[in-house]
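One structure is given below, encoded as structure tokens.
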Amino acid sequence: MKTSNNELIKSISVDRATDLAKNILTKVMQFRRMVESENTCSTTCTKCHKPHLDKVVTAIMQEKKVRFVLPAFPGKSPNPAKVLGHLPDMAEKQALKFLNSLCKQIQEIYEQGAEVIICSDGRVFSDVVGISEKDVTSYQIEIDRLIEDLNLTALSTFNLDDININSDFDQARSELIKNYGQDIKSLKDKIKKGGKDSNNPEEIEANRMYCGLTRFLVEDRMVPGQTRSKSSIQKECKEKAYLAIIRSNAWTALIAEKYPHAIRLSIHPQACGSKKIGIQLIGIETWMTPWHAVAVDTGNKFILMKHREAKKLNTKLVQDKNGRSSHYELITQN
Ligand SMILES: [Zn+2]
């Protein structure tokens, strides 16, 4: 008799946990980035919830925080036409604040709340994308400082340096590839198939990631005053994109092993039912990231745009309390 009562209590709490988990996921889905062709999915879409539901239910049953991991914040683009400098600025500040507020919103409906572990991937592919080791280091330090200064208690960071005890970055990267890397030929194959009417979500996702990364890499190299042709830059970047994806996938595999119960967020737009939830960091207007752009204060919100575009508008540069360039402010005409 006692056992069946216990079972009853447990089954009710599983049901409640499932309802709560759905509400939590619906909240997250409000801020997701979907691939344009699938933007019709609702925030309560069962197929979109499915890959994550069990993880949230388990966290609730164990009265633990709902944990998200987000590989992001690698370091600023090396192109001054896109960003203000090599350190985090208002763009990162706004994105970090948003991630923290998302966790706080979850806490309003689930007492234990949520946390986001930012798994910076800067060191993972800095040499491929052309960010110096020094700049990755100072960017990482500054992100940690911002989290502390702004009291963003739901956020923490994890990066390759945390497991690289010898501070030998090249060695850390080759260890990563040795343990978690995939073969370049099979990756190229997958990307190729994903570009041609594929029905395989993994192939489509691989192709999309490749195109997105190539675009970022090309933009990063189109620095003011450079004299190479765009097609030669494109050719080089396509090869670099393969390397960056291999590194990035290896990093993903390491994160999944380290945080097996965490829900995987991504800065890249995702399709319905994806294993990752694409998450916006600032606004939904454009697909841009804080480290490829500058923040522009429009008076009631911040938006992201490329540095050269912000300069073309009627804007003024704003500095932070340390005298460092922070963001642009739109000058409104009276
Ligand atoms: Zn869906």
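Points to keep in mind about this one:
- Relative to the longest principal axis of the Cα atoms of the chain, helix 133-149 runs at roughly 50 degrees.
- Residue-by-residue Karplus 3J(HN,Hα) for region 111-123, coefficients 6.51, -1.76, 1.60, Hz, glycine and proline x: 3, 5, x, 8, 9, 10, 9, 7, 9, 4, 9, x, 5
- Accessible surface of region 45-290 [probe 1.4 Å, protein heavy atoms]: carbon and sulfur percent: 52 percent
- Residues of type aspartates and glutamates that K306 reaches as a straight line, Cα spacing below 12 Å, ignoring anything fewer than 8 places off in the same chain: E219, D220
- The simple spin-label model puts a point 7 Å past each Cα toward its Cβ; for E202 and L330 those points are separated by 4.4 nm.
- Rounded tilt (10° steps) of 169-180 against the dominant C-alpha axis of the chain: 40 degrees
- Per-selection Rg to Rh, region 56-108 - Cα, Kirkwood hydrodynamic radius: 1.16
- In the chain, inverting the average of 1/r over every pair of distinct C-alpha atoms gives 21.3 Å as the Kirkwood radius.
- Spin-label pair S174/S186, simplified geometry with 7 Å Cα→Cβ offset, distance in nm: 2.3 nm
- Adding -39500 (n - 2.57) for every DSSP H run of four residues or longer, then dividing by how many residues the chain holds, sets the calculated 222 nm ellipticity at -17000 deg cm²/dmol.
- Debye log10 I(q)/I(0) at q = 0.10, 0.15, 0.20 Å⁻¹ for region 72-175, Cα point scatterers: -0.31, -0.66, -1.01
- DSSP bridge analysis restricted to the chain gives an antiparallel fraction near 35%, rounded to the nearest 5.
- Highest-MSF residue in the chain out of N300, N164, N249 [GNM, Cα springs under 10 Å]: N300
- Computed E for K193/E111 - FRET, C-beta separation, R0 41 angstrom, nearest 0.05: 0.35
- Couplings 3J(HN,Hα) for region 221-238, derived from phi with the Karplus relation 6.51 cos²θ - 1.76 cosθ + 1.60 (θ = phi - 60°), are 8, 7, 6, x, x, 6, 10, 6, 6, 5, 5, 6, 5, 4, 4, 5, 5, 4 Hz, where x marks Gly and Pro.
- Candidates L70, L187, L25, ranked by Gaussian network fluctuation over the chain, Cα under 10 Å, top entry: L187
- Acute angle (nearest 10 degrees) that the helix 2-29 long axis makes with the longest principal axis of the chain, alpha-carbon atoms: 20 degrees
- For the chain, built as a Gaussian network whose Cα springs stay under 10 Å, the top-fluctuating residue of I117, I163, I106: I163
- Proximity of backbone amide H atoms, modeled 1.01 Å from N, is registered between I279 and R33, S266, I267, H268 at under 5 Å, excluding neighbours fewer than 5 places apart on the same chain.
- Contact order for the chain, expressed relative to its length and based on alpha carbon pairs under 8 Å spaced 6+ residues apart, stands at 25 percent.
- Considering only I191, A59, L213, and ranking their Cα positions along the charge dipole of region 45-290 that arises from unit charges at the beta-carbon of Lys, Arg, Asp and Glu, the one farthest toward the positive end is I191.
- Translational diffusion of region 147-261, µm² s⁻¹ [Kirkwood Rh, Cα pairs; Stokes-Einstein; 20 °C; 1.002 mPa s]: 130 µm²/s
- Candidate cross-link partners of K192 among the lysines, defined by an alpha-carbon separation under 18 Å and a same-chain spacing of 8 or more, comprise K235, K238, K240.
- A straight chain from K22 to K316 at 0.36 nm per residue would run longer than the Cα-Cα distance by 101.5 nm.
- Reach of K321 by Cα under 22 Å, taken over lysines that are not fewer than 8 positions away in the same chain: K76, K93, K97, K301, K311
- Taking Cα centre as origin and charging only the Cβ of basic (Lys, Arg, +1) and acidic (Asp, Glu, -1) residues, the dipole magnitude of the chain rounds to 800 debye.
- Every Cα-Cα pair of region 140-204 was included, and the share exceeding 15 Å stands at 69 percent.
The values are calculated or read from the model by the stated rules, or taken from the named source; none is laboratory data. What you see is a predicted model; the values in this text were computed from it and never measured. Every residue, glycine as well, gets a Cβ built from its backbone with ideal geometry; the counts of neighbours run over all protein chains shown. Please note that ligands, DNA and RNA were not included when accessible areas were found on the heavy atoms of the full protein model with its side chains. Shrake-Rupley method; radii C 1.70, N 1.55, O 1.52, S 1.80 Å.
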